[in-house]
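Below: the structure, in structure tokens.
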Amino acid sequence: MKKFVYILMFSMLSVLSASSSQAEDLPYQGDIPSLHEEAVAAGIKHSYDGPWEYFVGGGVSAFDCNQDRMPDLFFAGGTNDAAMYINKSSPGGALAFEKSDASPLSVDKVIGSYPLDINNDGFLDLVVLRVGENLLFEGGPDCQFIQANNRWKFAGGSDWSTAFSATFEPGNNFPTLAVGNYVDRTAPGSPWGTCHDNELHRPASDNASPNYTDPLPLSPGYCALSLLFTDWNKSGVNALRVTNDRHYYRGGQEQLWRLNSGRYPRLYSASEGWEPLVIWGMGIAEADLNADGYPEYALTSMGDTKLQILDLEQAIDENRPRYEDMAWTRGATAHRPYTGDDLKPSTGWHAQFEDLNNDAHLDLFITKGNVERMSDFAQFDPDNLLMGSEKGHFSEQGSAAGVALNTRGRGASVVDLNADGLLDIVVVNRADNISLFRNEGMISEHGPRQGGNWLKIELQQKGANRNAIGAKLSIKTGNKVQSRVTQVGGGHASGSAGFVHVGLGVAERATVRVQWPDGEWSAPFKLFANHHVVIERSKNTFSQWFPIASTSTTTPE
Amino acid sequence: MKHHMFSVKCGLAATIAIAITAHANDPWSEKAIPQPVNISDYQGTLNKQQLLSLIDAGNTLFSARFTSEDGVGRPMATQAIIPTKRKRPPRSEFARTAGLDANACSSCHNVPVVGGAGDFSANVFVSEGFQHSDFDTTDPQFSNERNTNHLFGAGLVELLAREMTSSLIDQRHQALLEAKATKIPVKHVLNAKGVEYGFITAYPDGRVDTSNIEGIDSDLVIRPFSHKGVMTSLRQFTVNALNHHHGMQASERFGARWTSTDDHDEDGFEKEISSGDVSALVAWQATLAPPLPLNVEDERWMAAAQRGEQRFKEAGCADCHLPYLPLSSLAFADPGNMDAAGTLRMGEVPDTVYDMALLDWAATLEKDENGDYKVPLFGDLKRHVIADQQVAAFGNELLSQRFVERNVFMTTELWGVASTAPYGHRGDMTTLREAINAHGGAARPSRDAWKALDEASQTDLIAWLKTLVITP
């Protein structure tokens, strides 16, 4: 009898497991973007090169430096000079870029960069991470940049800097800058167990211009490769999340720094719920996948990618940052190449959640690439395009989309480069040219077609924090609510600034509310799909923005 | 022996199965859709034979009393325009409030003939269908009640809206170019076919202030259908209505592309309505003949109508109920160029064009001095505030609809008005006189002018309106 019960249970489990497996194995039925690589045709020829120090890094910043709202691109070069490319693309058309030859940004030893408006003048500035002195560049009109370390009393140091994030702490006029550092090459025993401390540059409170005189060490450092200020517990106060490379640290783990305004940073401990996690941390991506206000995180590594979800019970009741991994159940591990014969583990770098088919479900893009002849890891290691679906599952569609190239990806940006509402992808490859993937539309038997509806939203406020870093957007379509947050940091050595993109699926209108960085909620904005929208806090209305082409279109944008 | 019995039983079951398998074309079939219309059979500019064939298919579908064997029902989906799941099946599939509320399109669109308007008993209840999707009350806090509009001339209305929208988008573009060239903001009054829609301000950096647009949405898309003026195309409306009223879900919105399943409503039927089916329904509706004024033979009526038409203009009614709008082309592309995702769009299938000039009624349309067709719709394809403090009958709702305020409605096209009583968006006005008296808000001066007319002049005006018939 007992045996019969066991057999029955096994049969039931088999059925259950078969159905579960079948559900996951169902062919992806959503739109797959056609991503056409056209870097050379677009005028971009740039490579990230160099010895050991440049096995990591290789970032790109996507931001508008000439006030036309079209993202321009700044590439790290390693031992090559970094390069600024100005966006000359026509709206909705082929991508075109022109290198800015005389730019002061053309410095060497650059690992990565992040754009933000540090001095609140309305022009985006640039934080440049280097092997050696990090540099702050003050932005001006028409992509003019001036090195501002001295003026802003910023000590660029001499470390090997690989990560960055910024936030406006309450009451401060200028942003707090966090710099993540990698291996201390001068320490005895280097490179093993010799990680630099990270740095926290808080602005002096009584100055009219940025003053970063007294940076704080964030110690211990465990060879950080990505930092992200994040409101993990919906408290309105950011903590600093750090992903670290276990390859070099000893006794280290992932970290979460508590930064109550103005107070000395303190690490969350195991007794406070932060469970030790040891990975080859390379990049952080944040998204509120279930729109509960608590962000989820993707952490790239060598082998499987983590997809962490907060234990809400512990977070709400006891403010404990305890996370569970749901990468396996969601199909997002991306642990080995999805095509080709190489079954060795992957090496993940940049990660970014965005909606590439505008179906109102976030997708996850991950760059992949062997560090440098690491024989235990895949040599052919294509970037991942994990398409999100209705039930939160991810489906790998990199091959079909066209991103499965034999390159070694590092930093990247998923960004709309030609203002057509379709997100394109730019990837910095080690020792190879940039990959520039134009999103031509969704693959169909009749050629690329439009995807779902979309909105792109730019936030502006006066005074400090002009671009509303830390603002949260709530986008409601029917019963569905999506959320976005404006951040500086994360990814792998790559930042972006500009419009926030949201896919709307089949909704042709959306109600959008903004929670500004100081916590104040806006009135609802009633927005029609397929438009760029600029929301200014000082006004109770919005304006639309249009890329100005020489001919108009008779279809709704 | 057991094996033998099993075989016998199986054989019997197979025989029974063969015996009861019905084909859609069998006379006893309970399916209403014989077979899906294949959209690939209708590509390019259709010749007259192809067009009439598609129209015929649409005619069949429009009057088809859909059954559960076609896929009627949406036990796990609401009536919402965006595919939305229910939490649990409704107690009853059919309900006059939240739907399912009709068996066929023609169940409501039948006054004076199929394709026409509807009686008060054919009212529908529009709500967003997201929350309270199972409302079982006519309480206006849950829904807005809508009388059925007629569809005659609907293809011309959509073509007008497309041309006007294209013009407005082009005007916005020109304003942006001018602002960029001159480096100063440009204020531009939006005007399409003589209808003004407020103004925009274009800035040199590409921004556009839309806060002074009037009567249409901020995206400048004229949505000419529904009392509220919130539906872009016959195609969009058809997809909405099939789901709302019948639980027949069109693949182009409810299919796997957008919902990860071909049976979004979980009624056991996949791909209930094909894109070809929707095209056929659109072709049939779009090609319904426009209502043209009656050639009155009764001399007394003719005289009264002539005077009444004059009174209509003098009272300012024609400021919104424009006698005609000019249309440059009768080529109706389906899908059109103004729809958004969720309704089939241009480029998603090979282009199909219905040349309405092939139809007999096209010859009855007059042309203006520019060679444009005069579409005598007596409307302006613009929304207006239609209620005020004193005259508030048309502002009797609690819910806005798709971003349009509760007291704002699209100007009702008057062509066919004599054949489509009752009146008002709720269909609760039995006479034209009542409907005119109810005009408030932006229409208040005209309504007051009408009220100031003597009884004979008012009667003349009614006599004229009574010539605006739908001729079967």
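The values are calculated or read from the model by the stated rules, or taken from the named source; none is laboratory data. None of these values were measured; they are calculated from a predicted model. Methodologically, a virtual Cβ is constructed for each residue, glycine included, from the backbone with ideal geometry; neighbour enumeration extends over all protein chains shown. Only protein heavy atoms, including side chains, enter the accessible area calculation; ligands, DNA and RNA are left aside. Shrake-Rupley method; radii C 1.70, N 1.55, O 1.52, S 1.80 Å.
On the principal axes of its alpha carbon atoms, the protein assembly as shown extends 111, 96, 53 Å, with the longest extent given first. Assuming a ≥ b ≥ c are the square roots of the Cα gyration tensor eigenvalues, decide whether segment B:333-411 counts as rounded (a/c under 1.5), prolate (otherwise, with a/b larger than b/c) or oblate. Oblate, since a/c reaches 1.5 and b/c is not below a/b.
The Rg/Rh ratio of segment A:482-525, with Rg taken over Cα atoms and Rh as the Kirkwood radius over Cα pairs, comes to 1.02. Counting Cα-Cα pairs of chain A in 10 Å increments starting at 0 gives whole-percent bin shares of 4, 19, 31, 28, 13, 3, 1, 0, 0.
Per-residue accessible area (protein heavy atoms, 1.4 Å probe) orders B:Ser121, B:Ser167, B:Ser279 as B:Ser121, B:Ser167, B:Ser279, starting from the largest.
The eigenvalues of the Cα gyration tensor, multiplied by 5 and square-rooted, give chain B an equivalent ellipsoid with semi-axes of 42, 27, 24 Å from largest to smallest. The accessible area of B:Arg146, taken with all protein chains in place and a 1.4 Å probe, comes to roughly 10 Å². Magnitude of the charge dipole for chain B, about its Cα centre and with charges confined to Cβ atoms of Lys, Arg (+1) and Asp, Glu (-1), is about 840 debye.
Taking amide H positions as modeled 1.01 Å from N, with prolines and chain starts lacking one, the residues under 5 Å from A:Ile111 and 5 or more places away or on another chain are A:Leu129, A:Arg130, A:Val131.
Legend: mean number of C-beta atoms from other chains within 10 angstrom of residue C-beta atoms, peptide B:207-213, equals 5.
Ordering B:Ala192, B:Leu156, B:Tyr203 by the projection of their Cα atoms onto the charge dipole of segment B:156-209, which places +1 on the Cβ of Lys and Arg and -1 on the Cβ of Asp and Glu, puts B:Tyr203 at the extreme positive end. For B:Met338, the accessible area of its heavy atoms, probed at 1.4 Å with every protein chain present, is near 20 square angstrom.
A probe of 1.4 angstrom, applied to the heavy atoms of all protein chains, finds A:Phe499 with accessible area near 40 square angstrom. Take each residue of peptide A:442-455, count the partner chain Cβ atoms within 10 Å of its Cβ, and average: the result is 3. In this simple spin-label approximation, A:Ser538 and B:Gln390 carry label points 7 Å from Cα along the Cα→Cβ vector, and these lie 4.3 nm apart. Excluding ligands, DNA and RNA, the accessible surface per residue across chain B is 42 Å² with a 1.4 Å probe. Ignoring ligands, DNA and RNA, please state the percent of accessible area on the protein assembly as shown from carbon and sulfur, probe 1.4 Å. Carbon plus sulfur share of accessible area: 52 percent. Protection proxy ranking of A:219-227, A:469-477, A:48-56, by the mean of other Cβ atoms within 10 Å over each peptide's residues and highest first, is A:219-227, A:469-477, A:48-56.
Given +1 at the Cβ of Lys and Arg, -1 at the Cβ of Asp and Glu and no other charges, the dipole of the protein assembly as shown around its Cα centre is 1320 debye to the nearest 20. Put a dot 7 Å past the Cα of A:Ser190, heading toward its Cβ, do the same for B:Glu178, and the two dots end up 6.5 nm apart. Which of the residues in segment B:394-418 lose at least 40 Å² of accessible area when you go from the chain alone to all protein chains together (probe 1.4 Å)? With the partner chains in place, segment B:394-418 has these residues losing at least 40 Å²: B:Phe403.
In square angstrom and rounded to 100, what buried accessible area do you get between chains A and B, total over both, with the probe at 1.4 Å? Intermediate values should be presented prior to the final figure.
Values: alone 22610 and 21960 Å², together 40540 Å².
Heavy-atom accessible area buried at this interface is about 4000 Å².
Given charges of +1 on the Cβ of Lys and Arg and -1 on the Cβ of Asp and Glu, with all other atoms neutral, how large is the dipole of chain A about its Cα centre, in debye to the nearest 20?
Numbers: 45 positive and 67 negative charges, 153 e Å.
About 740 debye.
Just so you know, the averaged projected area of the alpha carbon convex hull for segment B:258-411 sits at 14.9 nm². As a ratio to 2.2 N^0.38 Å, the alpha-carbon radius of gyration computed for segment B:156-209 takes the value 1.20. Contact order, relative form, for segment B:156-209: 32 percent (alpha carbon pairs under 8 Å, 6 or more residues apart, mean separation divided by residue count).
Which shape class applies to segment A:30-81: rounded if a/c is under 1.5, otherwise prolate when a/b exceeds b/c and oblate if not, where a ≥ b ≥ c are the square roots of the Cα gyration tensor eigenvalues? It comes out oblate by the Cα gyration axes. For segment A:234-243, 3J(HN,Hα) computed residue by residue from phi via the Karplus equation (6.51, -1.76, 1.60; θ = phi - 60°) reads 6, 8, x, 10, 6, 10, 10, 8, 10, 10 Hz, glycine and proline entered as x. Loop-located GluC sites (Glu not before Pro) in segment A:503-547 (DSSP state other than H, G, I, E, B) with a sparse environment of at most 11 neighbouring Cβ atoms within 10 Å: A:Glu520. Of the residues A:Phe542, A:Asn66, A:Ile316, the one whose Cα sits farthest towards the positive end of the charge dipole of chain A is A:Ile316 (charges of +1 on Lys and Arg Cβ, -1 on Asp and Glu Cβ, taken about the Cα centre). Starting from the Cα gyration tensor of segment A:172-259, take the square roots of the eigenvalues, sort them a ≥ b ≥ c, and report rounded, prolate or oblate (rounded when a/c is under 1.5, otherwise prolate if a/b is larger than b/c, else oblate). Because a/c hits 1.5 or more and a/b fails to exceed b/c, segment A:172-259 counts as oblate. Coordinate range of the alpha-carbon atoms in segment B:41-177 per principal axis, descending: 52, 45, 30 Å.
Scaled against 2.2 N^0.38 Å for its residue count N, the alpha carbon radius of gyration of segment B:22-115 is 1.31.
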